[in-house]
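Novice: Would you mind keeping the following structure in view while I ask a few things?
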Amino acid sequence: MKQMFSALSGKIKENAIDVYMDSIEPAVRDPVFFSVGMPNGGMIPKKELQRIMNEIFEADPARLYEYCSAKGFGPYVDVISKTENIPESYIMATNGNTQGVDLVCRMLLDEGDGFAMEMYTYSIAFSAVHQYRLKAVGIPLEQDGLDVDFLEKTLQTRRLKALYIIPNAQNPTGVTTSLEKRKKLIELAYQYDFIIIEDDPYRDLLFHGRPPSLFELDPLKERTIYLYSFSKVMAPAMRTGFILAHPAFLKKLEQFKQVTDACTSPMNQMLAGKLISSENWTQILAKQKHFYEKRKDWTKRFLQHMHETEQWEGAEPAGGLFYWIDVKKGGVTEWMKKAAQDGAVFVPGDAFTLERGRNTKIRLCFAYCSDEEMKKGFSRLEESFKKWKKTST
Ligand SMILES: Cc1ncc(COP(=O)(O)O)c(C=O)c1O
């Protein structure tokens, strides 16, 4: 069959996280999933979604069962325009940020283009790198975001077409980019003429307020494209989000969207639009932030314990779903397989980088499990680590 594949088929690869997860054999009974980057089931606003969905079907508004334009369903675009404080000409609905990144890459990138990303990042960036055979460069991450000096030095010697960045509660490291660095990145984007692809699904899960987006800081909106998704605060199953971009970009993105799937489900856009304009929305987000902050604190206490006994380290995230932990021992992928059999599943740091070398880091998602699972999972991680340490060289 392989001879039937296109050249593009030869370039696309399986998602890096899936490759690692496929390599494990999880415990037969009750595995605890620290690997899953999804919201906690109890935090999904199920009642509100159900109530609004019922209201929508009962009201049976015109065009509920029809396609809408590639740009998006009118009332949804209208709500986003108000909540994001931006004219409608800058907005397009998407099926979430996975689609957003794909459409933006299709619009911007040609084979062999220079492309920068955080040294550890969400594996969607690698898909772009493989498909377009990009000349990729991983920029080291500091506590307050990208090492902008490193980026600047890189820009002095090579041309970059785009920078992919997750500025808030970054996946996988939990790092949030400081305001100062955001401003510097905009400055660099204009000076060296590259586009910032801002992937921002965690902004509403920052525990204590959020800095302005790079898109907001971009004075002409000519060097930043902003992607938001409701996956983490409503439900991944909504498959609904939006792109904010200069109208010149947006027109082109609409053409790509049109040939991809005609439009994002108008029913889901209607549902998301009504939920964010409901009076409960602020309270729903506040409840989620409070819950995830408590989970972060719990993980921090576990980490402190593991620091005392095993020297584990990790920087406290200011929001989001992930804790990035350095277990100070190489061969983590081997441990991952054993830990999965011991009933604790996590993703090793290698899944988030194209750099190859000694990896000592792991990503723990503290959001998805139940309280009972978290407790069980932490003691399994500890026991499994100690066991592995004794047997490995
Ligand atoms: C940075 C980042 N971008 C995109 C996604 C996927 O989002 P969506 O469900 O909106 O496609 C994720 C999910 O883990 C993510 O962490």
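The values are calculated or read from the model by the stated rules, or taken from the named source; none is laboratory data. Just so it is clear, the model here is predicted, and its values are computed rather than measured. Positions of Cβ are generated from backbone atoms using ideal geometry, with glycine treated the same way; all protein chains shown enter the neighbour counts.
Novice: For Ala237, work out the one condition from (1) without any contact (Cβ under 8 Å) to a residue 60 or more places away in the chain; (2) over 24 Å from Leu179 (Cα atoms); (3) more than 10 Å from the ligand (Cβ to nearest atom) it doesn't fulfil.
Specialist: For Ala237, the exception is condition (3).
Novice: Does Arg210 qualify as being within 16 Å of the ligand (Cβ to nearest atom), modelled with pLDDT of 95 or more, surrounded by fewer than 23 Cβ atoms within 10 Å (Cβ to Cβ) and not aliphatic (A, V, I, L, M)? Spell out the reasoning first.
Specialist: Details: within 16 Å of the ligand (Cβ to nearest atom): yes; modelled with pLDDT of 95 or more: no; surrounded by fewer than 23 Cβ atoms within 10 Å (Cβ to Cβ): yes; not aliphatic (A, V, I, L, M): yes.
No; evaluated as a whole, the condition is false for this residue.
Novice: Something else about it: Only one of Glu66, Glu55 is away from the ligand (no atom under 16 Å from the Cβ), assigned by TED's automatic domain parsing to the domain that holds Arg239 and either in contact (Cβ under 8 Å) with a residue 60 or more places away in the chain or not hydrophobic (A, V, I, L, M, F, W, C) (or both). Can you tell me which?
Specialist: Numbers: Glu55 fails: assigned by TED's automatic domain parsing to the domain that holds Arg239.
From the options Glu66, Glu55, the qualifying one is Glu66.
Novice: Any chance region 266-277 includes a residue that's in a loop (DSSP other than H, G, I, E, B) and either of a type in the set (Gly, Ala, Ser) or within 19 Å of the chain's Cα centre (by Cα) (or both)? Give the derivation first.
Specialist: Start the filter on region 266-277 by keeping residues that are in a loop (DSSP other than H, G, I, E, B), which leaves none.
No, region 266-277 contains no residue that is in a loop (DSSP other than H, G, I, E, B) and either of a type in the set (Gly, Ala, Ser) or within 19 Å of the chain's Cα centre (by Cα) (or both).
Novice: Which residue pairs have Cβ atoms closer than 8 Å, lie 6 or more positions apart in sequence or on different chains, and pair a first residue in region 339-358 that is under 12 Å from Gly138 (Cβ atoms) with a second residue that is among the aromatic types (Phe, Trp, Tyr)?
Specialist: Correct list of pairs: Phe352/Tyr120; Phe352/Tyr122; Thr353/Tyr120; Leu354/Phe126.
Novice: Only one of Leu303, Leu205, Leu250 is crowded, with 16+ Cβ neighbours inside 10 Å and within 16 Å of the ligand (Cβ to nearest atom). Can you tell me which?
Specialist: On the way: Leu303 fails: within 16 Å of the ligand (Cβ to nearest atom); Leu250 fails: within 16 Å of the ligand (Cβ to nearest atom).
Leu205 is the lone residue from the list that is crowded, with 16+ Cβ neighbours inside 10 Å and within 16 Å of the ligand (Cβ to nearest atom).
The rows are residues; the columns are (1) assigned to a helix (DSSP H, G or I); (2) surrounded by 22 or more Cβ atoms within 10 Å (Cβ to Cβ); (3) at pLDDT below 95; (4) of a type in the set (Asp, Glu).
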{"residue": "Lys328", "(1), (2), (3), (4)": "no, no, no, no"}
{"residue": "Gly357", "(1), (2), (3), (4)": "no, no, yes, no"}
{"residue": "Lys376", "(1), (2), (3), (4)": "yes, no, no, no"}
{"residue": "Ser379", "(1), (2), (3), (4)": "yes, no, no, no"}
{"residue": "Ser384", "(1), (2), (3), (4)": "yes, no, no, no"}
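Novice: Working only within region 219-234, note down all residues that are more than 8 Å from the ligand (Cβ to nearest atom) and not in a loop (DSSP other than H, G, I, E, B). Walk me through how you get there before you give the answer.
Specialist: Restricting attention to region 219-234, the residues satisfying the condition of being more than 8 Å from the ligand (Cβ to nearest atom) are 219-226, 228, 233-234.
Within region 219-234, Thr224, Ile225, Tyr226, Tyr228 meet the criteria.
Novice: State which residue is surrounded by the most Cβ atoms within 10 Å (Cβ to Cβ) when the search covers only region 92-113 and only residues that are more than 16 Å from the ligand (Cβ to nearest atom) and touching a residue at least 60 places away in the same chain (Cβ under 8 Å).
Specialist: Pass one, region 92-113, residues more than 16 Å from the ligand (Cβ to nearest atom): 107-113.
From what is left, the residues that are touching a residue at least 60 places away in the same chain (Cβ under 8 Å) are 107-108.
Working: Met107: 16, Leu108: 19.
For region 92-113, the residue satisfying everything is Leu108.
Novice: Further question on the same structure: Select, from Ala128, Ala162, the only residue that is more than 14 Å from the ligand (Cβ to nearest atom) and crowded, with 21+ Cβ neighbours inside 10 Å. Steps first, answer last, please.
Specialist: Numbers: Ala128 fails: more than 14 Å from the ligand (Cβ to nearest atom).
Criteria check complete, one pass: Ala162.
Novice: Would you check which residues across region 190-202 are assigned to a loop (DSSP other than H, G, I, E, B) and either in contact with an Asp or Glu (Cβ under 7 Å, 6 or more places away or on another chain) or surrounded by 24 or more Cβ atoms within 10 Å (Cβ to Cβ) (or both) and list them? Step through it out loud before you land on a result.
Specialist: Filtering region 190-202 down to residues assigned to a loop (DSSP other than H, G, I, E, B) leaves 193-194, 200-202.
Of everything in region 190-202, those that are assigned to a loop (DSSP other than H, G, I, E, B) and either in contact with an Asp or Glu (Cβ under 7 Å, 6 or more places away or on another chain) or surrounded by 24 or more Cβ atoms within 10 Å (Cβ to Cβ) (or both) turn out to be Pro201, Tyr202.
Novice: Could you look through region 170-202, keep only residues that are without any contact (Cβ under 8 Å) to a residue 60 or more places away in the chain and among the polar types (S, T, N, Q), and pick out the one that is farthest from the ligand (Cβ to nearest atom)?
Specialist: Gln191
Novice: Report yes if Ala62 is modelled with pLDDT under 95 and not charged (D, E, K, R), otherwise no. So that I can check it myself, show each step before the final result.
Specialist: Values: modelled with pLDDT under 95: yes; not charged (D, E, K, R): yes.
The answer is yes for Ala62.
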